[in-house]
Ligand code: SF4
Ligand code: SF4
């Protein structure tokens, strides 16, 4: 198979060896979970339960508070013990609902529609919206909204993102190996809902077993194609994946629908399948707990809202003091002040580094080497954007492409002067958003 790719990008060590051979293991019911009200892009959900209420696993406990918002469900049965602020996987404090387990793990009733592919499109969309699914690759866009493009933006290609280009993470890899047919059925549902005639599954070359399996299962379906992709970061970013798989270029500031494409993560496809066939809400997901100090790195199917500290304990703890904990992958994830955060629908991994790996390097003056420019997958000048932000020249930063930056971190990774380019760009994005709000 000829491997496809995109221009620019970098080649970090993939470090997948820690957990890639670990089969998905079910997490036992935790003593408590925190269901965050912001697990997605858009308005936080609104609670419909109060402290003291008893809830079943799978019961609706928070509703959307706007068009781009989401349903949230209890992921264990028990009692609502607090509604307040808890640590979010971004490291910030955010509103959530705490449920303390009754130890019964009693679930709401599900269905089994064996003929789920015959359901009308509107019914499928209703089930996906009811299940509270948001993109599970990290971006967190509500799935029912993404699957409802306006009539003037027809979709002809649906791409499943099985790239998992972030170093260390292996949850999507294991999902493709252990639930391949369900993932493919999820893709077929996405194609039916969007009207896409072609379905593609993009997988990076460091997962040859997943490529082979998907290829075997799709070989008799003439409208499905498995695309092998070169190991190159950020191969899994939406615009880069679309270009590599189809050759189409999403315009600056545009969405994939501008070129007739919809992209969904493989975990999201599985959740779509379960919501459509069983009316199962999104109450669990696979997460990789990995890194050099994790005693037994694992891929765990855990209830949404499980505390990171409980997951690490399930992996038999650590072999050395933790120097840094990152929620998500090391390139785009968030450094955490502690392991008290609870996982959300977008939590693909937790990576723990030792103190030596976590050592931060001093920042030096820019050498004008242009390495950051050469590798930027969005064709930007990261050094110019960052210095414009640093010197409070927001207009120049915007002109240089501040809003087109996908925060992939490649520029900071290659910078020999160790300039915190992404952090400066992120600061610029926050300042820009504030300036827009105050207009
Ligand atoms: S400027 Fe943005 S898109 Fe370009 S390499 Fe840096 S983080 Fe990635
Ligand atoms: S890579 Fe670093 S040192 Fe080189 S031009 Fe970019 S910001 Fe300057």
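All of the numbers you see were taken from the coordinates with simple rules; none came from a lab. These numbers come from a predicted model, not from an experiment. FYI the Cβ positions are ideal-geometry reconstructions off the backbone, even for glycines, and counts take in every protein chain you see.
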Exercise. Would you please give the FRET efficiency between residue 3 and residue 217, computed as 1/(1 + (r/R0)^6) with r the Cβ-Cβ distance and R0 = 25 Å, to the nearest 0.05?
Key: 0.80
Exercise. Considering Cα pairs under 8 angstrom that are at least six residues apart, work out the relative contact order of the chain and quote it in whole percent.
Key: 19
Quiz item: Given segment 291-380, what whole percent of its Cα pairs are spread farther than 20 Å?
Solution: 45
Self-check item: Cα-based Rg / Dmax (Å) for segment 126-218
Solution: 13.8, 40
Self-check item: More than 16 angstrom apart: percent of Cα pairs within segment 371-437
Solution: 35
Quiz item: Once a ≥ b ≥ c are taken as the square roots of the eigenvalues of the Cα gyration tensor of segment 135-292, is the result rounded (a/c under 1.5), prolate (a/b larger than b/c) or oblate (a/b not larger than b/c)?
Solution: rounded
Quiz item: Mean residue ellipticity at 222 nm from the helices of the chain, using -39,500 (n - 2.57) per DSSP H segment of n ≥ 4 over the full residue count, to the nearest 500 deg cm²/dmol?
Solution: -7500 deg cm²/dmol
Quiz item: Roughly speaking, what is the stretch gain from residue 209 to residue 21, that is 0.36 nm per residue apart minus the C-alpha to C-alpha distance, in nm to one decimal?
Solution: 66.6 nm
Quiz item: To the nearest Å, what is the center-to-center distance of segment 184-206 and segment 236-255, using C-alpha atoms only?
Solution: 16
Practice problem: Determine, from the Cβ-Cβ distance of residue 51 and residue 360 and an R0 of 45 Å, the FRET efficiency 1/(1 + (r/R0)^6), rounded to the nearest 0.05. | Solution: 0.65
Quiz item: Per residue, how much space in cubic angstrom lies within the convex hull of the C-alpha atoms of the chain?
Solution: 142
Quiz item: Given Cα pairs under 8 Å that are at least 6 residues apart, what percent is the relative contact order of segment 371-437?
Solution: 36
Practice problem: Could you sort 112-119, 387-394 so that the peptide with the highest average Cβ count within 10 Å comes first and the rest follow in order? | Solution: 387-394, 112-119
Quiz item: Where the centroid of each part is defined by its Cα atoms, how far is segment 76-143 from segment 301-372 in Å?
Solution: 24
Quiz item: Using r as the Cβ-Cβ distance of residue 121 and residue 249, and R0 as 25 Å, what FRET efficiency do you calculate, to the nearest 0.05?
Solution: 0.30
Quiz item: Relative contact order for segment 18-162: what is it in percent, counting Cα pairs under 8 Å that are at least 6 residues apart?
Solution: 23
Quiz item: Gaussian network model of the chain, Cα springs within a sub-10 Å range: biggest mean-square fluctuation belongs to which of 325, 370, 237?
Solution: 370
Practice problem: Would you mind calculating the gained length between residue 367 and residue 295 on full extension (0.36 nm times residue separation, minus the Cα-Cα distance), in nm to one decimal? | Solution: 21.9 nm
